[in-house]
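One structure below.
The values are calculated or read from the model by the stated rules, or taken from the named source; none is laboratory data. The structure displayed is predicted, hence computed values, not measured ones. Note: ideal-geometry Cβ built from the backbone for every residue, glycine included; neighbour counts use all protein chains shown.
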Amino acid sequence: MDLSEVRAASRAPAWPTLLGIQLVVIATLSGAWWRTSQGPSVAARTPLEEGLMTLPVAELSPAVSDSLERTRRSARALAAGEEPAVERFLGLSAGAADLVLAGVEWREPVAVPDAPDVLAVDCELRVVGDAYALPVFIDLLFRQSALPQLRAVVAGVRPGGAMDARLVLRFHRPAAVAGDPASDRVERLVPAADPGVGPLMDDARELSRWRRQAAHRPALEDASRALRDRAARQLPGALVSLWDRGGTVRWSAVDGLSVDAR
């Protein structure tokens, strides 16, 4: 598809327009001249440069922006900077379960071995209150927009049910794209292009990144649901068993359940 087809697609339904824009981005970012600090002169403009200068930015930008927003929501991932919103949700959920959120600590994102375009972001939180409220709190955790996986629970229970528990939740986000923003490169190499071309390219690259993340959603949802169901089966009985004597309940996605009664 060349750039004339992209312009024609802008008068068609949204999906061919977006496909065309993404192909332009791929061509732009992968071209040999684009990876250098010096591009062809204006007098020797390539078809790609000519296309960048004549893109119907006003028509394409709203479609790309709208698709990017919808894709972000559908991916159920934790975008960078959304940690404070998650912490507010955790606090509200703890209160709804008659627990107190006593602390939240975020760990550095790490690569997911079988999904190189995805990062795992773990969150360790501490809640205190009645042990019987812990399963309710865990159920509430899965009602937020960013999909969590329950990775570990350690709950110390005193006789009578007073509890101090730590949980580890795992969220996911798309890995960052290497290299300079497309807008910087457009400004440097095609300075005569419409000022909106660079931001349009940035949004299109973001759209591609979030679509890759959204493609992992079914598998991540299946894993999250399986862990939640396993914890829901195993934790309540373990907590009840410690009500009179006290002790510690440990549960993890890897090792399962263990109970140490006093």
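Brief remarks follow.
- Lone unmet requirement of (1) surrounded by fewer than 18 Cβ atoms within 10 Å (Cβ to Cβ); (2) hydrophobic (A, V, I, L, M, F, W, C); (3) in contact with a helix residue (DSSP H, G or I) (Cβ under 8 Å, 6 or more places away or on another chain); (4) under 30 Å from Arg262 (Cβ atoms) for Leu101: (1)
- No other residue among Leu140, Leu125 is under 25 Å from Arg72 (Cβ atoms), hydrophobic (A, V, I, L, M, F, W, C) and in contact with a Ser or Thr (Cβ under 9 Å, 6 or more places away or on another chain) apart from Leu140.
- Filter pass, Val112 being surrounded by 16 or more Cβ atoms within 10 Å (Cβ to Cβ), at pLDDT below 95 and of a type in the set (A, V, I, L, M): yes
- Strands (runs of 3 or more DSSP E) wholly inside the range 59-157 containing at least 3 residues that are within 24 Å of Trp251 (Cβ to Cβ) and touching a strand residue (DSSP E or B) at 6+ places or on another chain (Cβ under 9 Å): 99-106, 115-130, 149-157
- Test: residue in the range 174-194 that is surrounded by fewer than 18 Cβ atoms within 10 Å (Cβ to Cβ) and modelled with pLDDT of 90 or more: yes
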